[in-house]
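Only one structure is covered here, and it is reproduced in the block below.
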Amino acid sequence: MNEETTKIPQATAKRLPLYYRFLKNLHASGKQRVSSAELSEAVKVDSATIRRDFSYFGALGKKGYGYNVNYLLTFFRKTLDQDELSKVALIGVGNLGTAFLHYNFLKNNNTKIEMAFDVDKEKVGKEICGIRIYDMDELEERLKQEDITVAILTVPASAAQTITDRIKKTNVKGILNFTPARLNVPPSIRVHHIDLAVELQSLIYFLKNYPNDDTEN
Ligand code: ATP
């Protein structure tokens, strides 16, 4: 995100890619305007939150007209720096890592996994969907050489911190951590943590304990 967006609250910033994806689809289907109610239904965020979020973008919806799709798209494109391709590396080509290599991130984001790493010699040297798997011995050198700025961690939890300590010596600014390990990083690196097991457990807990609650998480 660029400097203009530093005033946007983090919770709003996190919803930006969601709005962006939906608006791109709307635009592709030829729609020129959208109401906060329509947006709310599509992205499952309540319309009051949407109106507040959009006011940060300088987008003021008009009653009976809604929001101008083109204006919003231009704003999001600029804000999310979508013109700049973020280079991503994946570390740990197990079941989850392999699924990510198969997933086409370019469909919805201007993001692409450039390379992968693993310790398993059986996997090193192979390619999955055109993405080469390198030996962990080459980690720092290759990350620096290709100016990789984002790392996806799909290794066992026990390996996560050691790998993070190695990543610190590269240009990586963000880690998407799919391991249950809590990582220690310097302030220059941002970690987003996605623990699928915890998310699943949390969903099941909510289903059991709040079966009729329709508010989001
Ligand atoms: P699989 O069935 O292929 O073992 P998994 O997801 O069940 O997959 P995990 O034990 O979670 O297996 O390991 C994920 C991947 O991380 C594996 O490919 C493994 O070889 C790799 N890996 C393990 N330790 C490291 C490490 N220190 N550095 C990099 N990759 C590692």
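We did not get these values from a lab; they are worked out from the coordinates using the rules stated. Keep in mind the model is a prediction, meaning the values are calculated, not measured. Positions of Cβ are generated from backbone atoms using ideal geometry, with glycine treated the same way; all protein chains shown enter the neighbour counts.
Among beta bridges from DSSP that stay inside the chain, the antiparallel ones total about 20%.
Remark: THR162, THR149 ranked as THR162, THR149, counting other beta-carbon atoms within 10 Å and listing the fewest first.
Counting only the Cα atoms, region 3-79 fills a convex hull of 80 Å³ per residue. A Gaussian network model of the chain, with springs between Cα atoms under 10 Å, assigns the largest mean-square fluctuation among LYS31, LYS123, LYS173 to LYS31.
Taking ALA37, ALA11, ALA99 as the candidate residues, the one with maximal mean-square fluctuation in a Gaussian network model of the chain, Cα springs under 10 Å, is ALA11.
Counting only lysines at least 8 places from LYS44 when in the same chain, those with an alpha carbon closer than 20 Å to its own are LYS14, LYS24, LYS31.
Based on DSSP H runs of at least 4 residues, each adding -39500 (n - 2.57), what is the mean residue ellipticity at 222 nm of the chain after dividing by all its residues, to the nearest 500 deg cm²/dmol? Helix contribution divided over all residues of the chain: -12500 deg cm²/dmol.
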